[in-house]
1. Where in region 101-118 does the amide nitrogen come within less than 12 Å of the point 7 Å from the Cα of Phe130, taken along Cα to Cβ?
2. If you count only protein heavy atoms with a 1.4 Å probe, what accessible area per residue comes out for region 13-154, rounded to a whole Å²?
3. Please work out the FRET efficiency for the pair Asp163 and Lys46, using the Cβ-Cβ distance as r and a Förster radius of 30 Å; give the result to the nearest 0.05.
4. Placing +1 on the Cβ of each Lys and Arg and -1 on the Cβ of each Asp and Glu in region 30-182, which of Gly40, Pro50, Phe69 has its Cα farthest towards the positive end of the resulting dipole?
5. Run the reach check for Lys76 against lysines, Cα to Cα strictly under 21 Å, same-chain hits fewer than 8 apart removed. What comes back?
6. Could I get the Rg over Rh figure for region 76-128? Both from C-alpha atoms, Rh via Kirkwood, rounded to two places.
7. With no solvent and one point on each alpha carbon, what is the Debye value of log10 I(q)/I(0) for region 1-97 at q = 0.15, 0.20 Å⁻¹?
8. Compute the length gained on full extension between Val21 and Gln34: take 0.36 nm times their separation in residues and subtract their Cα-Cα distance, giving the result in nm to one decimal.
Amino acid sequence: KSFRLGFREPHVFGYDFGMGVQALNREALRESWQEEKLEGSISFDKRWDPFTIQVGCHGMRMTVDDLEFDAPTTVKELEGVTRIASITTSATYDTRDSFIIPTQGQKISLAYEYAGDPMGGDFDFGKVTFDVEAFFPIVEMGPDRRHVLNLDLTIGHANEHGDSIVPYYEPLYPGGRGSVRG
């Protein structure tokens, strides 16, 4: 089960910068262990259409328990409670015609997340993510009815700093909800 609550104000005090807050609670029963993730974040962004620069702070508490004998070693190493505190910076170029249901345009973003000292937490790593989304109208059947081709490419890399590790729940894996594995 999961619960996510978020709020974003795109024009704080009437200016062209935004602020967002988000909270998430997720409980998952895996094949041979249980996870509970509790996280929160706050972000600020400045827009120069079509560009946006964003800075955010993120905190997460992960509980891994009820491990069975056949649980993966990477999960067994993180049994109990672990914490991550991170700062993320990102730049985005967005020419989509709609944020909700885009039919044409593109969105390109580059983000870097740094977790660890001096912010605390149990891990020290960096993660870079590059994402490209493109929308192409294929068939127009009326003024508000189109078939649209959507292409999405995400490339990411996580790297530990010092003698720390990148926890199994942080790296980027192909697939997941809303994507085709490949």
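1. Counting only backbone N, you get 109-111.
2. Values: 8780 Å² over 142 residues.
Accessible area per residue, region 13-154: 62 Å².
3. Details: r = 37 Å, r/R0 = 1.22.
The calculated FRET efficiency here is 0.25.
4. Most positive-ward Cα: Pro50.
5. Result set, ordered by chain and number: Lys37.
6. Values: Rg = 16.8 Å, Rh = 13.7 Å.
Ratio of gyration radius to Kirkwood radius: 1.23.
7. Reported log10 I(q)/I(0), two decimals: -0.73, -0.97.
8. Working: separation 13, 0.36 × 13 = 4.68 nm, distance 2.68 nm.
Length gained between Val21 and Gln34: 2.0 nm.
The values are calculated or read from the model by the stated rules, or taken from the named source; none is laboratory data. All figures in this text were calculated on a predicted structure; none of them were measured in a lab. Neighbour counts are summed over all protein chains in view; Cβ atoms, including those assigned to glycine, are modelled from backbone coordinates with ideal geometry. Accessible surface is based on the protein model in full, side chains and every heavy atom, while ligands, DNA and RNA are left aside. Shrake-Rupley method; radii C 1.70, N 1.55, O 1.52, S 1.80 Å.
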